[in-house]
Amino acid sequence: DMARKRQEIIRQLKEEGVFDLQRELSLPLFCLNIALVSSQTAAGYGDFAAQLADSPFAFHSELFPAIMQGEGVEQSIIDALNRIYSAPSTMHGDSPHFDCVVIIRGGGATSDMSGFDTLALAENVANFPIPIITGIGHDRDESILDMVSHQRVKTPTAAAAFLIDHAQTVLDSLGD
């Protein structure tokens, strides 16, 4: 029974003390360097990129392609996170190369979201040292991935809007 399995995973994440770790991170003030986990062909990916490009801010996003439905989701996203984590830093010191990670997937008829509900993926996301924003378009309940992420939004375009709003808020506060 899927609901019971999900409950069991959530309970385990809380027991391990990792369920809220992402929410304890804060987005950097200048959150412009974005690692994007998405399928290259997803409509949501194009929408996200276009929206950032149309904003007045100098966003830079790098795509780490992943399988976003069916069998390979869990391992594919974990692999993408590993590549993001080990991406060579262009910064000085130990600061990570990216300010945040955005995991997006457009909506679609597929009802198979089970890949977003696995313990291994949730643990990887929960323990990731950079804030992760999820915009996985679907109408059903939030996935476990959504629950452990730093910030959950409804769709890829909402993820872009969230980043643009964040940049605008910072800009406005600097103007005071």
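A few comments on the model shown:
- Surface/4 of the Cα convex hull for region 4-102, nm²: 8.3
- Expressed as a whole percent, the accessible area of the chain that falls on carbon and sulfur atoms is 52 (1.4 Å probe).
- Ordered by solvent-accessible area of protein heavy atoms (1.4 Å probe), largest first, the residues His60, His166 come out as His60, His166.
- By accessible area with a 1.4 Å probe, ligands and nucleic acids excluded, highest first: order of Thr134, Thr118: Thr118, Thr134
- Rounded accessible area of Arg152 (nearest 10 Å², 1.4 Å probe): 70
- Distance (nanometres) between label positions extended 7 Å along Cα→Cβ at Arg83 and Lys5: 2.7
- P(r) weight above 27 Å for the chain, C-alpha pairs, percent: 23
- Computed over protein heavy atoms with a 1.4 Å probe, the accessible surface of the chain works out to 50 Å² per residue.
- Toward the positive end of the charge dipole of the chain, with +1 on the Cβ of Lys and Arg and -1 on the Cβ of Asp and Glu, the farthest Cα among Leu119, Phe57, Phe19 is that of Leu119.
The values are calculated or read from the model by the stated rules, or taken from the named source; none is laboratory data. Computed from a predicted model, the values in this text were never measured in an experiment. Backbone-built Cβ (ideal geometry, glycine too); neighbour counts: all protein chains shown. The area values use the complete protein model at the heavy-atom level, side chains included, leaving out ligands, DNA and RNA. Shrake-Rupley method; radii C 1.70, N 1.55, O 1.52, S 1.80 Å.
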